[in-house]
Amino acid sequence: MSAVDIKELNLLLERVYREGGYDFRDYRHGTLIRRLEKRLHATRTRTYRDYIQFLDTHPEEYEKIAECLTIKVSGFFRNSYAFQQVARLVFPDLVSEKRNRQDQSLRVWSAACARGEEPYSIAILFAEFLGHQRQGFNISIYATDISRQTLKEARAGIYSPKDTEGLSDMILENYFNHTNGHYEVMADIKETLHFSYFDLTSMARPPFTNLDLIFCCNVLIYLQKQLQERVLDKLYHSLHSQGYLILGESETPPNSLHAKLGCLDRKARIYKKVGVHL
Ligand SMILES: C[S@@+](CC[C@H](N)C(=O)[O-])C[C@H]1O[C@@H](n2cnc3c(N)ncnc32)[C@H](O)[C@@H]1O
């Protein structure tokens, strides 16, 4: 890509930020360029400069850019090893620490929740782990994303047989209602989830604090290093003093993270805020 194109791309990203409120300025260029091709094609514009002019008269296009630039691939218990390790390494200690402190709250944040598969998987994992003792806890799973469309779908909690094909019959039977060829997450699981819009890259402080567990999986990979650091700093400050951070198997977190958090599992990228050493 020529220097002129990069300059125009930066102008476009600045415009999308200033007028559309979506900040992709520090996302990795490779993915952005590939994805923007689709919008250029759909709007029959040839260059970024033409596309900026198109935006002048088509403000509805900002939402479409945001939808196009975000990659929403997800799945129930995606990164199955990470979920397995959370159940093995995190839940037993977390639940026993809570019992010792006589604290019945379990506060979790799924920070880029896409269509909800990740936060629903977390809720199901808790239900499986706690069994009847689930009633003794007040579980809140906050699930956020910048895609309003996917948040709408996530709130509905309705999935196709293809979306749920990796789930066992037992999980489907215990946590989903099967109606009209679709699987809908059961009400007692849904009611532990709270979906809302939150842009991880924004300067705003996250609306959640004192969290026991944060999942931030398969989103940092799209950000440049400097922005990754800023996002991780934000997550760090939202954690309880003994909270856990799960980044999943695809991320390569910056080295600075190791100075702040102990690593419980390198492959699943599970970290704890204090008292744990490599
Ligand atoms: C590939 S999906 C990952 C979903 C899930 N965490 C998983 O691991 O399966 C990436 C998600 O990050 C969201 N996303 C991208 N940039 C974001 C931002 N700045 N703030 C919040 N969510 C963002 C996208 O909309 C998309 O739903």
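Could you compute how fast region 1-128 diffuses translationally, taking Rh as the Kirkwood radius over C-alpha pairs and applying Stokes-Einstein at 4 °C with viscosity 1.567 mPa s? Give it in µm² per second.
73
Using the reciprocal of the averaged 1/r over all distinct C-alpha pairs, how large is the Kirkwood radius of region 110-169 in Å?
12.7
Could you calculate the FRET efficiency of Ala187 with Lys260 from 1/(1 + (r/R0)^6), where r is the beta carbon distance between them and R0 is 30 Å, rounded to 0.05?
It comes to 0.20.
With each run of n ≥ 4 DSSP H residues scored as -39500 (n - 2.57), what mean residue ellipticity at 222 nm is computed for the chain after dividing by its residue count and rounding to the nearest 500 deg cm²/dmol?
Helix contribution divided over all residues of the chain: -12000 deg cm²/dmol.
Compute the helix-to-body angle for 3-15: its Cα long axis versus the longest principal axis of the chain, expressed 0 to 90° and rounded to tens.
60
Report the Stokes-Einstein translational diffusion coefficient (µm² s⁻¹, integer) for region 3-69, Rh taken as the Kirkwood radius over Cα pairs, at 37 °C with viscosity 0.692 mPa s.
Taking Rh from Cα pairs, D becomes 281 µm²/s.
Over region 182-261, what relative contact order in percent results from Cα pairs under 8 Å that are six or more residues apart?
Worked out over region 182-261, it gives 35 percent.
Note down the nm distance, to one decimal, between modelled labels 7 Å out along Cα→Cβ at Lys225 and at Ser202.
Inter-label distance under the simple model: 2.9 nm.
What is the dipole size for region 3-69, taken about its Cα centre, with +1 at each Lys and Arg Cβ and -1 at each Asp and Glu Cβ, in debye to the nearest 20?
Using Cβ point charges on Lys, Arg, Asp and Glu, region 3-69 gives about 280 debye.
What net charge do the residues around Thr192 carry, taking every other residue with its C-beta under 12 Å from that of Thr192, with Lys and Arg at +1 and Asp and Glu at -1?
For residues surrounding Thr192, the net value is +1.
Give the angle, between 0 and 90 degrees and rounded to the nearest 10, that separates the Cα long axis of helix 225-238 from the longest principal axis of the Cα atoms of the chain.
40
Residues with amide H under 5 Å of Cys217's amide H, sequence separation 5 or more or different chain, H placed in the peptide plane at 1.01 Å from N; which?
Answer set, sorted by chain and number: Ala111, Ala112.
If you bin every alpha carbon distance in the chain into 5 Å steps from zero, what whole percent lands in each bin?
Percent of Cα pairs in each bin: 1, 5, 12, 16, 17, 15, 12, 10, 7, 4, 2, 1, 0.
Indicate the gyration tensor shape class of region 79-203 (rounded, prolate or oblate), computed on the Cα atoms with a ≥ b ≥ c the square roots of the eigenvalues: a/c under 1.5 is rounded; otherwise a/b larger than b/c is prolate and the rest oblate.
Note, shape of region 79-203 comes out oblate.
Angle, helix 91-100 long axis vs. longest principal axis of the chain, Cα atoms, 0 to 90°, nearest 10?
60
When N is the residue count of region 141-278, what does its C-alpha Rg come to as a fraction of 2.2 N^0.38 Å?
Taking the Cα Rg and dividing by 2.2 N^0.38 Å, one obtains 1.18.
Just going by the charge dipole of the chain, with Lys and Arg at +1 and Asp and Glu at -1 on Cβ, which of Met186, Gln84, Leu257 is farthest out on the positive end?
Leu257
Where a number appears in this text, it was derived from the coordinates with a stated rule and is not lab data. Remember, predicted model here, so these are calculated numbers, not experimental data. Counting neighbours? That spans all protein chains shown, and the Cβs are built from the backbone with ideal geometry, glycine included.
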